[in-house]
Amino acid sequence: MKSILIRALTKTDLPAVSDLIHASFGAALRPFMTYTQHGIGAFLSVHVQYPGSDPGRYLLVAVDEAKQQDVVGFAEFRIIGGNVGFLSYVCITESARGRGIARAFLESFVEDRPELDQLQLDVFQDNAPAVSLYRKLGFTPTSTVAWVSRSMPAPVGAARIRTLPTALANLSTYGFCEMEVMNETSVTRIGLVGQTVLRCFSAQAFDDDALLSSLRRHFPLVETALVILPTEHIAGISSVHQVVKLSDRMKLSL
Ligand SMILES: CC(C)(COP(=O)(O)OP(=O)(O)OC[C@H]1O[C@@H](n2cnc3c(N)ncnc32)[C@H](O)[C@@H]1OP(=O)(O)O)[C@@H](O)C(=O)NCCC(=O)NCCS
């Protein structure tokens, strides 16, 4: 750990950080994750250029001072309410793993913010290295959510989408976006991750064949819908679906 420095992400780190994030998650998971889409570098660059635009988001890198400042790790933390911090991402280059760099990210973030009284994170249950890291640091699981997918139904009708041009611009620049789908009585928030995955934010939207069919007119390449739900809600889904991953929310009291 002697030659490792943890510092804020800068513009010049972005290509290495984009590659690192991409390489850190398996091929089966990448289509479902916003941070593994092609435009993550552009997305993070907005935060680097305008740090005041999202003051609760902290983007950090670990660089190896013995190797021309090579980026060997990336971590993103957020403040999600008063004194609660949240670790959104941590990834270390394969060749630098097992040297205590992930542990150092967590410890230095907490050390720099004595006002925090809790740190939370989400971890896939089958991610043994990460689960081991968090348990060793004293994190304990508090609840479980499931990442659930289904096939999109055939296209019928055409959804009315508020701010469609903005959504399309974000999709093209970042590789993901959010939008609002309107009907006579309600507005439903929907996301797109890449060209093939539609992200629902409720079981109701995920189960709504009419809603999903009407979105296919706009996004014919979208094949799969995804929702992230507390495990106890899965039994209530009537459409044919499958659990992709189980993820634990963990917390550490400080
Ligand atoms: C999980 C990950 C971040 C760990 O980073 P790291 O820098 O290698 O971890 P550290 O060296 O700080 O290890 C700290 C502890 O984590 C655990 N750990 C790390 N790698 C492990 C492995 N391959 N198997 C089992 N436990 C492991 C150990 O408990 C270790 O403590 P020890 O050194 O006393 O044995 C890294 O493997 C990684 O980038 N994985 C891909 C991305 C990812 O899954 N990120 C987490 C979810 S966002």
(request) Answer with one residue from 164, 68, 134: the one whose Cα lies farthest towards the positive end of the charge dipole of the chain, charges on Cβ with Lys, Arg +1 and Asp, Glu -1. (result) 68
(request) Find how many whole Å separate the alpha carbon centroid of the stretch 185-239 from the alpha carbon centroid of the stretch 1-36. (result) 28 Å
(request) Just rank 201, 32, fewest to most, by other beta-carbon atoms within 10 angstrom. (result) 201, 32
(request) Would you list which lysines come within 18 Å of residue 67, measuring only between C-alpha atoms, while excluding same-chain residues fewer than 8 positions from it? (result) 2
(request) Rounded to the nearest 500, what is the 222 nm mean residue ellipticity of the chain from helices alone, with -39500 (n - 2.57) per DSSP H run of 4+ residues and division by all residues? (result) -7500 deg cm²/dmol
(message) Give me the one-decimal nm value for the distance between modelled label points at residue 162 and residue 23, 7 Å along each residue's Cα-to-Cβ direction.
(response) 4.3 nm
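Please work out whether the stretch 1-132 counts as rounded, prolate or oblate from its C-alpha gyration tensor, where a ≥ b ≥ c are the square roots of the eigenvalues and a/c under 1.5 means rounded, while otherwise a/b larger than b/c means prolate and anything else oblate? Please report the intermediate quantities before stating the final value.
Details: a/c = 1.12, a/b = 1.11, b/c = 1.01.
Verdict is rounded for the stretch 1-132.
FYI, it's all coordinate maths here, none of it is from the lab. Since we're looking at a predicted model, the values are computed, not measured. Glycine also receives a Cβ, built like all others from the backbone with ideal geometry; neighbour counts cover every protein chain displayed.
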